[in-house]
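The values are calculated or read from the model by the stated rules, or taken from the named source; none is laboratory data. Note that this is a predicted model, so its numbers are computed, not measured. No Cβ is skipped: glycine too gets one built from the backbone with ideal geometry, and neighbour counts run over all protein chains shown. The accessibility values were calculated without ligands, DNA or RNA, using every heavy atom of the protein model including side chains. Shrake-Rupley method; radii C 1.70, N 1.55, O 1.52, S 1.80 Å.
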Amino acid sequence: MDRRNFIKLTALTGSATALASCGNPEHTIIRFLPEDELTPGIAEWKPSVCPLCASGCGLTVRVMDTDVEVTREGQAGVTRMAVAKKLEGNPDHPVSRGGLCARGQAGIQVTYHPDRITQPLKRTGNRGEAKYEAVTWDQAIAELATQLDGLATAADQKSLAFVTARRSGRRATLVQQFLAKFGAPAAMAFELFGNDVLRRANGLSFGREQLPTLDLARSRYVLSFGADFLGTWNSPVAHAEAYGAMRQGRPGLRGSFVQIESHMTQTGANADEWVPVFPGTEGVLALGFAHVIVHEKLRPADAAGRAGALIAGWASGLEEYAPDRVSKLTGVTVHRIEEIARHFAELRPSMAFAGGPPLAHTNALFTAVAVNALNALVGNINEPGGIFFTPQVATADTGPSASGAAPSFDKLAAGIVAGQLPVKVLLVDGANPVFATPQAWKVKEAFAKVPFIASFGSFLDETSAQADLILPDHSFLESWVEAAPESGSLVAVMSVAPPAMKPLYQTRAMGDVLLEVGRKLQKPLDLPWQTYEEALKTAIAPLAGGKDIDEDWFAIRKQGGWWGNLSKPAPPVAAASKAPMTFVEPQFDGDVQQFPFHFLPYPSAAFLDGSLAHLPWLQELPDPLTSAMWSSWVEVNPQTAERLGISDRDIVEIASAHGSIQTAAVVSPGLAQNIIAMPVGQGHSMFTRYATGRGANPIAILAPVMEPETGSLAWAATRVKISRVGDPDGRLILFAGAKEEKPNEGLR
Amino acid sequence: MGLLRRGGFARFWTVVVCAAAVVTGVACGVLAPPKSGTAAMTVLPGQASGIFTPAHSSFGKAVNDFFGRLPPPTQPVEFPHKRHVEIGKEGPELKCTETCHEGVTKSPVAGLPSVNTCLGCHAAIAVDKPIIKQITAMQEKGLDLAWQRVYGYVAQAHVKFNHAPHIAANVECATCHGDIANQTVAQRNVNMHMGVCVTCHREKNAPNECLTCHF
């Protein structure tokens with residue numbers, strides 16, 4: 001570059017810079033007075049509770065001052081606030097023990113999500129159009145109170161329905177009391193990947209209607225029937241920590257782990273031995289093991305006690321479940337059945353448990369009871385290295401109980417569509433049934449028939465877009481948060497924590513809104529608490545058993561919960577009378593000729609049932625086995641793929657008798673030739689900018705087949721066909737793989 | 001153009017690549033407008049804007065940031081540092097590190113006082129002065145002074161400066177901030193570059209490893 005050009009360029013850059021720095025808008029920003037006394041630059045760690053799944057892990061939140069854009073009295077400006085910056089596991093918490101999964105780490109994005117609903121909204125457009133106008137909290141609460149008063153005036157309180165995610169603790173108690181005092185039926189807890197079958201089985205076998213706590217750390221031999229316990233099932237953080245101890249924490253002793261499943265999960269990929277089995281025959285395999293153990297006199301049959309008595313033919317040595325018959329039914333070789341059975345009985349302490357797809361068939365209860373019997377036979381219940389049941393904290397007051405049990409969700413939807421269940425006011429808290437139910441249930445049509453719907457959601461999803469009124473809840477970091485872990489700890493736990501930060505927006509805690517609505521009704525409900533905090537304190541502070549309830553409460557909120565031994569633990573429930581069960585072939589929807597493949601949807605490692613698909617860090621999280629991110633895919637066996645002319649990333653259509661979806665194929669050896677598997681979570685038609693219109697939703701095409709004993713959805717009981725419909729079009733994004741699509745393209 | 005006439009092969013291609021990059025950038029901006037029209041893209045009432053981006057709000061800010069240039073501070077009120085330091089020496093207890101910038105002794109950041117701090121004294125002192133009346137009115141409305149930082153590091157420097165140990169080691173404020181005691185509004189008149197830090201650390205036998213100051 002010569003001198004002249006250098007000068008020209010310098011002049012150009014200089015003038016551009018000078019022009020660019022003209023005007024300095026920072027000092028024109030309105031700054032509000034900070035509400036807290038803050039020490040700048042010093043981080044504080046506050047306790048909290050992770051609400052993203054039911055495990056109830058304890059968190060610590062790094063809180064530090066920063067400038068935050070806020071709106072006060074309609075005026076936008078900036079203020080200094082102490083806000084959450086990072087989430088970690090609470091090292092003192094008995095469930096998470098300082099651990100936190102990737103989903104929990106991403107939980108901070110719930111608070112700072114750009115599409116969060118910031119204030120109460122009232123619908124102005126058609127349902128699902130997402131057209132809303134801003135209303136004040138006074139107007140919103142008055143509107144809901146007017147609707148409820150309308151029901152009360154017409155003596156039609158039974159037409160109020162409350163749909164919620166499965167919740168425990170005081171939040172559930174508060175809702176239950178609200179509904180009971182109003183005169184409405186109990187709340188309907190809806191979860192796609194529910195564990196009701198396992199709870200029922202554990203109630204029958206052991207008198208504990210709850211999920212098991214796995215003492216992996218002290219176990220020598222672990223037999224898992226389909227449970228993705230290191231990824232998505234039960235209490236994954238507690239399991240991962242204990243699993244590490246089992247494998248590497250004892251010098252000279254490394255526990256063995258066998259995974260029995262039809263489709264390889266993240267957990268299965270960690271196993272020493274991976275045993276593929278025909279879908280729905282896991283219970284037979286468990287009894288095959290029991291047969292070998294009894295016949296080789298490794299344990300006497302009567303050692304199984306109550307759990308064994310639930311299986312027909314148990315006392316007479318399980319003649320029906322001899323290894324050669326079991327081998328034919330399950331596809332596992334006789335030699336392998338015998339070998340695993342011997343290891344299971346001899347390498348003690350051992351444990352067996354079932355979860356996931358085996359408990360999503362029509363014969364699921366039999367499978368769960370069979371695995372329980374196998375466990376009891378070897379003596380693994382309430383023994384170190386076996387299975388425990390976490391003592392449950394009773395948080396429900398002895399208040400009035402709801403007038404009438406809630407119908408199951410499919411019956412509710414069917415009842416509304418058929419006009420038999422005249423629901424006039426529907427409240428939704430934390431559930432997204434429009435997305436997470438089979439289309440055959442017609443939930444959207446049912447919602448269209450409900451005259452008034454209010455949602456407490458923080459985001460516009462498929463369900464809250466149907467709402468007439470949105471009363472946005474705080475994020476969990478901004479409000480009191482609690483969880484009563486059902487499993488994951490050997491001692492009783494009640495996680496509870498105060499807000500880690502002040503609310504960023506005009507949101508309100510759902511508990512406080514319900515209490516206020518209760519006070520504003522023409523006939524006030526007279527609930528026993530003024531605030532949600534009071535509802536928590538009155539039940540949880542007495543657990544510590546100290547003299548001063550305020551002191552106890554201070555200590556509990558400081559450590560993020562209470563844990564310890566209960567003074568009066570609940571005794572096991574007496575055995576219910578139940579006819580001994582026998583193996584029945586699982587029923588699958590769809591003709592085997594027309595729909596030759598078993599369809600296995602499974603909770604994705606990032607989004608579980610899809611409720612976390614709005615968090616961009618989780619969209620960016622590569623799937624542990626396929627490395628796919630920001631997309632949907634379906635796994636196909638290599639031989640099947642070759643036969644059907646399907647290559648990796650080809651676009652395929654999956655059709656059941658109830659609908660079809662298209663997605664990209666991933667050829668994977670981790671499943672049998674007659675099975676195709678697909679992760680659940682994507683395919684949202686409306687769920688923030690990050691999830692909307694991304695991938696396909698396998699739940700939509702599921703058959704409405706139910707497990708008959710519990711009435712829960714048998715989500716692994718659908719048959720499908722699959723065909724190639726097109727070349728790879730870039731919709732499948734692999735981590736560091738062929739970047740055929742930029743995941744952020746098209747985002748604002 | 002001399003650039004092309006006398007430039008070598010590499011230089012020619014540098015220019016071509018730069019020009020291509022600019023053209024591509026512009027073209028992408030023009031040819032790929034953001035998608036719109038889907039329901040989820042609707043901005044709901046109360047949401048700040050539809051746009052979530054780490055980009056700078058103006059071209060000027062981007063240029064300043066690129067060159068590591070901090071714009072000169074513009075303060076909301078003319079705060080007379082000199083007057084306050086004088087009062088601190090003679091009369092009531094008034095110290096930089098205890099009254100207004102009290103974070104300096106215990107945290108990485110010195111902190112800038114809110115109007116609550118001002119009115120701790122000025123609720124009773126010099127209440128009839130226009131500037132104090134202005135500040136009192138702000139507090140009543142819940143507003144604060146939008147002080148601007150005078151010194152600071154650009155993000156690219158990856159510097160983690162911690163005030164507290166420097167105060168503990170008896171480094172005078174004036175060493176880095178100049179003679180504030182004789183200024184009204186604080187001026188940025190010490191050029192704090194890395195050389196200043198390293199020289200002082202050497203003189204005082206303070207650690208001089210990269211990670212002492214940099215991330």
Using only Cα atoms and rounding to the nearest 10 degrees, what angle (0 to 90) does helix A:196-206 make with the longest principal axis of chain A? 50 degrees
So how far apart, in nm, are the two label points at A:Lys411 and A:Glu346 if each is 7 Å from Cα heading toward Cβ? 5.0 nm
In degrees, nearest ten, helix A:282-295 long axis to first principal axis of chain A (Cα): 40 degrees
With everything on Cα atoms, drop me the angle between helix A:364-378 and the longest principal axis of chain A, reported from 0 to 90° to the nearest 10. 70 degrees
Förster radius 41 Å - calculated FRET efficiency between A:Leu490 and B:Thr175, Cβ distance, rounded to 0.05: 0.10
Near A:Lys181, which lysines are there with a Cα under 25 Å away, not counting those fewer than 8 places off in the same chain? A:Lys158, A:Lys411, A:Lys424, A:Lys520, A:Lys523, A:Lys537
Can you return the aspartates and glutamates within cross-link range of A:Lys558? Criterion is Cα-Cα under 18 Å, with same-chain partners fewer than 8 residues away left out. A:Glu44, A:Glu88, A:Asp92, A:Glu478, A:Glu482, A:Glu533, A:Glu534, A:Asp548, A:Asp550
How well do other chains shield peptide A:30-41, expressed as the mean number of their Cβ atoms within 10 Å of each residue Cβ? 6
Ranked highest first by average number of other Cβ atoms within 10 Å, how do B:54-65, A:501-512, A:662-673 line up? A:501-512, A:662-673, B:54-65
In whole angstrom, largest first, the equivalent ellipsoid semi-axes that the Cα gyration tensor gives for the protein assembly as shown are 55, 35, 31
Might you tell me the accessible area per residue for the stretch A:29-111, computed with a 1.4 Å probe and given in Å²? 42 Å²
Taking only the alpha carbons of the stretch A:100-190, the radius of gyration and the largest Cα-Cα distance, Dmax, both in angstrom, are 16.8, 50
Which percent of Cα pairs goes in each bin when the distances of the stretch A:597-734 are cut into 10 angstrom slices starting at zero? 13, 44, 34, 8, 0
If each of B:Asn182 and A:Ala736 carries a label point 7 Å out from its Cα toward its Cβ, how far apart are those two points in nm? 5.9 nm
If you rank B:Lys106, A:Lys721, A:Lys578 by how much accessible surface each has, with a 1.4 Å probe, what is the order from largest down? B:Lys106, A:Lys721, A:Lys578
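Would you mind putting A:32-41, A:256-265, B:116-125, A:240-249 in packing order, based on average other-beta-carbon counts within 10 Å, highest first?
In decreasing order of mean packing, A:32-41, A:256-265, B:116-125, A:240-249 become A:256-265, A:240-249, A:32-41, B:116-125.
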Theoretical gain in end-to-end length, A:Asp526 to A:Glu273 [0.36 nm per residue, Cα-Cα removed]: 85.2 nm
How big is the dipole moment of the protein assembly as shown about its Cα centre under a simple scheme where the beta carbon of each Lys and Arg is +1, that of each Asp and Glu is -1, and everything else is neutral? Debye, nearest 20, please. 1740 debye
For labels at B:Lys141 and A:Ala155 in the simple 7 Å Cα→Cβ model, what's the distance in nm? 5.8 nm
In the A-B interface, the accessible area buried, summed over both sides, Å² (probe 1.4 Å): 3500 Å²
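Antiparallel versus total DSSP beta bridges in the stretch A:597-734: what percent is that, nearest 5?
65 percent
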Convert each backbone phi in the stretch A:310-321 into a coupling constant with the Karplus relation 6.51 cos²θ - 1.76 cosθ + 1.60 (shift: θ = phi - 60°), then list the ³J(HN,Hα) values in order as whole Hz, x for Gly and Pro. 7, 9, 5, x, 4, 5, 8, x, 6, 4, 5, 10
In Å and on Cα atoms, what radius of gyration and Dmax does the stretch A:29-111 show? 15.3, 46
Can you figure out the FRET efficiency of A:Arg643 with A:Glu320, using R₀ = 41 Å and their beta-carbon distance, to the nearest 0.05? 0.70
Counting only protein heavy atoms and a 1.4 Å probe, tell me what percentage of chain A's accessible area is made up of carbon and sulfur. 52 percent
Let me have the 222 nm mean residue ellipticity of chain A computed from DSSP H runs of 4+ only, each contributing -39500 (n - 2.57), with the sum over all residues rounded to the nearest 500. -7500 deg cm²/dmol
Over all residues in B:99-109, what is the mean tally of Cβ atoms on other chains that come within 10 Å of each residue's Cβ? 3
Computed FRET efficiency, Cβ-Cβ of A:Arg4 and B:Thr199, R0 30 Å: what is it to the nearest 0.05? 0.15
Out of all DSSP beta bridges with both ends in chain A, state the antiparallel percent to the nearest 5. 55 percent
